[in-house]
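**Q** Below you will find the structure I want to go over with you.
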Amino acid sequence: MSNIFTHKTLQNGIDLYICPTNKFKTISIYFFLHQNLKSETATKTALLPYVLKRGTEKFTTSRSISLFLDDLYGSGMGGDILKRGETQIVSFFMDMVHPKYVEDQDIFDKAMLVFADMILHPVKEDGGFKKDYVNQEKDVLKRNIESLYNDKFNYAIERCFQEMCKDEAYSIYKYGNIEDLDGINNKNLYEYYTDCLKSCPIDIFVMGDVNEQEITDKIEKQFYFERGKVIEVGTGFSKKEVKQERFVEERQNLNQGKLSMGFRTKTRYGDDDYYALMVYNGILGGGTHSKLFSNVREKASLAYYAFSRIEKAKGLMVVSCGIEFDDMQKTIDIIKKQLDDIRQGEITDYEYESTIKSLTNSLKEVQDSPSSIISMYLDGIINGIHEPVEDMIYKLKKVTKRDVVEVAHKIDLDTIFFLNKK
């Protein structure tokens with residue numbers, strides 16, 4: 001099945017993407033509001049989906065929303081914050097069973113109504129959001145930001161990127177920062193949200209066994225509101241040259257050292273050599289067949305885990321390892337040896353073929369989930385490219401070892417971050 005979305009622009013400038021398919025027994029609706037990742041708005045933006053989920057004008061509590069969704073055969077609805085490059089995205093979703101499988105033929109219209117209400121008609125008080133909801137969600141967001149410190153695995157990766165991109169918006173945490181919470185109240189948060197609705201790019205996705213025109217008409221009706229000039233939102237990609245490798249160490253009370261190494265790849269999704277970068281990353285640290293797993297974890301027994309991953313909108317890559325504190329330099333040296341080996345073309349058939357197979361299987365698995373398909377297509381929109389999974393697999397299989405070596409020579413180590421013991 002080829003998951004092709006039809007693009008339409010609504011009267012108020014909202015972009016609508018519809019994929020009619022009978023592969024799934026559900027209909028999925030996703031709403032994405034794009035904002036530039038900025039320190040002065042990041043915390044406000046991060047609060048929005050959690051406050052909006054708390055209640056609507058018609059369903060004023062989370063419980064009343066849940067009971068209504070239960071009556072819609074257990075339909076699911078929620079929201080979250082995404083970070084793609086230097087874009088911060090407020091996302092909402094609604095998943096419901098297709099009407100043809102249930103007695104209630106109006107399930108889609110009912111679900112669409114509560115979904116639109118959550119986004120456009122939140123419960124209000126004194127010209128703003130409900131005060132209690134904002135204060136409660138501020139406390140929750142504070143705990144979420146603080147919890148990163150206790151999650152040493154992700155903390156080390158986040159800190160590596162923060163140090164690596166300290167003069168760039170990408171260094172901003174997707175949930176913002178605690179210091180900004182005191183300045184946020186129900187009124188200025190609501191004013192900020194209404195400004196976002198008017199000026200931020202918005203995408204709506206619908207996927208399921210639907211009629212395009214019928215869905216377009218219903219979305220147009222539910223999501224019509226006045227909008228102004230739409231701002232430009234970018235990923236912040238740049239082919240930044242690394243002048244000098246940096247080392248940053250932080251000490252905490254912990255039982256295992258966390259080593260993160262940040263790289264500039266100078267390649268983003270949409271570039272001609274992006275698929276070569278995908279294969280490069282797979283060979284380096286993309287699974288049990290990879291050089292990091294085989295040489296750092298298995299042969300040298302230096303790491304409890306060792307992997308690499310890419311940030312395709314920003315053009316970054318990170319290598320992450322959990323190691324003994326005294327093994328830091330030895331681990332760095334072996335990792336650098338793997339990088340050099342790839343540059344020299346020392347790639348085995350097993351590493352290459354296993355990577356192609358693993359990546360191909362991962363892309364095929366994407367097609368089994370509406371949320372995964374939509375997420376991948378969203379990445380394409382953000383990076384200015386629209387391609388179905390079949391095309392991605394075709395391009396992936398065309399990548400040669402020589403292509404991998406060429407992309408390897410573009411990659412520079414920028415920052416080494418080591419979380420050490422006190």
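Computed from the coordinates by the stated procedures, all read-outs in this text should not be read as laboratory data. It should be emphasised that the depicted structure is a prediction, and the values quoted were computed from it without experimental measurement. No Cβ is skipped: glycine too gets one built from the backbone with ideal geometry, and neighbour counts run over all protein chains shown.
**Q** May I ask you to compute the full-extension gain from SER358 to SER199, defined as 0.36 nm times their residue separation minus their alpha-carbon distance, rounded to one decimal in nm?
**A** Numbers: separation 159, 0.36 × 159 = 57.24 nm, distance 4.08 nm.
The SER358-SER199 span can extend by a further 53.2 nm.
**Q** Also: Over region 270-321, one equal point on each Cα, no solvent: what is log10 I(q)/I(0) by the Debye formula at q = 0.16, 0.20, 0.27 Å⁻¹?
**A** Here the Debye-derived log intensity ratios amount to -0.45, -0.64, -0.95.
**Q** So what is the calculated 222 nm ellipticity per residue for the chain, using -39500 (n - 2.57) for each DSSP H run with n of 4 or more, over all residues, to the nearest 500 deg cm²/dmol?
**A** So the calculated ellipticity at 222 nm is -12500 deg cm²/dmol.
**Q** A follow-up question, please. Give me the net charge for the shell around ASN383: Cβ to Cβ below 11 angstrom, other residues only, Lys and Arg +1, Asp and Glu -1.
**A** Working: positive: ARG84, ARG268, LYS312, LYS314; negative: ASP271, ASP379, GLU387.
Value of the local net charge: +1.
**Q** What would the Debye formula give as log10 I(q)/I(0) at q = 0.12 Å⁻¹ for the alpha-carbon point model of the chain, no solvent?
**A** Values returned for q = 0.12 Å⁻¹ are -1.08.
**Q** Subtracting the Cα-Cα distance from 0.36 nm times the residue separation, let me have the gained length for ILE178 to LEU120 in nm, one decimal.
**A** On the way: separation 58, 0.36 × 58 = 20.88 nm, distance 2.70 nm.
Value of the extension gain: 18.2 nm.
**Q** Follow-up. If I model a spin label at GLU346 and THR9 as a point 7 Å from the Cα along the Cα→Cβ vector, what separation in nanometres do I get?
**A** Each label point lies 7 Å from its Cα, and together they span 5.4 nm.
**Q** So, one more: Under a Cβ-Cβ cut-off of 9 Å, what is the net charge of the residues other than ASN253 that fall near it, where Lys and Arg count +1 and Asp and Glu count -1?
**A** Details: positive: ARG251, LYS421, LYS422; negative: none.
Counting the neighbours of ASN253, the net charge comes to +3.
**Q** Can you work out the PRE-style zone for GLU245? Point 7 Å along Cα to Cβ, and I want the residues of region 270-305 with backbone N under 19 Å.
**A** Correct set: 281, 284-285, 291-293, 295-297, 302-303.
**Q** Would you mind checking LYS291/LYS410; LYS8/LYS398; LYS53/LYS83; LYS152/LYS239; LYS152/LYS422 for any pair whose Cα atoms are more than 23 angstrom apart?
**A** Working: LYS291/LYS410 19 Å; LYS8/LYS398 32 Å; LYS53/LYS83 19 Å; LYS152/LYS239 30 Å; LYS152/LYS422 14 Å.
In this structure, LYS8/LYS398; LYS152/LYS239 lie more than 23 Å apart at Cα.
**Q** Next up: Can you tell me the length gained on complete extension of the stretch ASP104 to ASP151, counting 0.36 nm per residue apart and subtracting the Cα distance? The partial results should precede the final answer.
**A** On the way: separation 47, 0.36 × 47 = 16.92 nm, distance 4.44 nm.
Extending this stretch completely gives an extra 12.5 nm.
**Q** How far apart, in nanometres, would the label points at VAL230 and GLU406 be if each is projected 7 angstrom from Cα along the Cα-to-Cβ direction?
**A** Taking the two extended label points, one gets 3.5 nm.
**Q** Give me P(r) over region 246-421, computed from all C-alpha to C-alpha distances, binned every 10 Å, as integer percentages.
**A** 10, 36, 33, 18, 3
**Q** Further, regarding this structure: If you take the beta carbon distance between GLN329 and LYS58 as r and set R0 to 45 Å, what does 1/(1 + (r/R0)^6) give as a FRET efficiency, to the nearest 0.05? Write out the running numbers ahead of the final one.
**A** Numbers: r = 61 Å, r/R0 = 1.36.
Rounded to the nearest 0.05, the efficiency is 0.15.
**Q** For region 116-265, what is the convex hull volume of its Cα atoms per residue in Å³? Kindly include the intermediate steps, with their values, before the conclusion.
**A** Values: hull volume 31.1 nm³, N = 150.
It comes to 207 Å³ per residue, whole-number rounded.
**Q** If you don't mind, there's one more thing I want to ask. Around PRO370, with a cut-off of 14 angstrom between Cβ atoms, what is the net charge of the other residues, counting Lys and Arg +1 and Asp and Glu -1?
**A** Working: positive: LYS23, LYS25; negative: ASP95, ASP209, GLU365, ASP368.
Net charge around PRO370: -2.
**Q** Hey, another quick one. With the alpha-carbon atoms as the only input, what is the per residue convex hull volume for region 6-222 in Å³? Intermediate results must be reported in sequence, preceding the final value.
**A** Working: hull volume 30.4 nm³, N = 217.
It is 140 Å³ per residue.
**Q** What is the distance in Å between the Cα centroid of region 335-364 and that of region 98-130?
**A** 47 Å
**Q** Which of the listed residues, THR41, TYR149, PHE31, is farthest toward the dipole's positive end in region 6-222, when Lys, Arg count +1 and Asp, Glu count -1 at the beta-carbon?
**A** Result: TYR149, furthest along the dipole toward the positive end.
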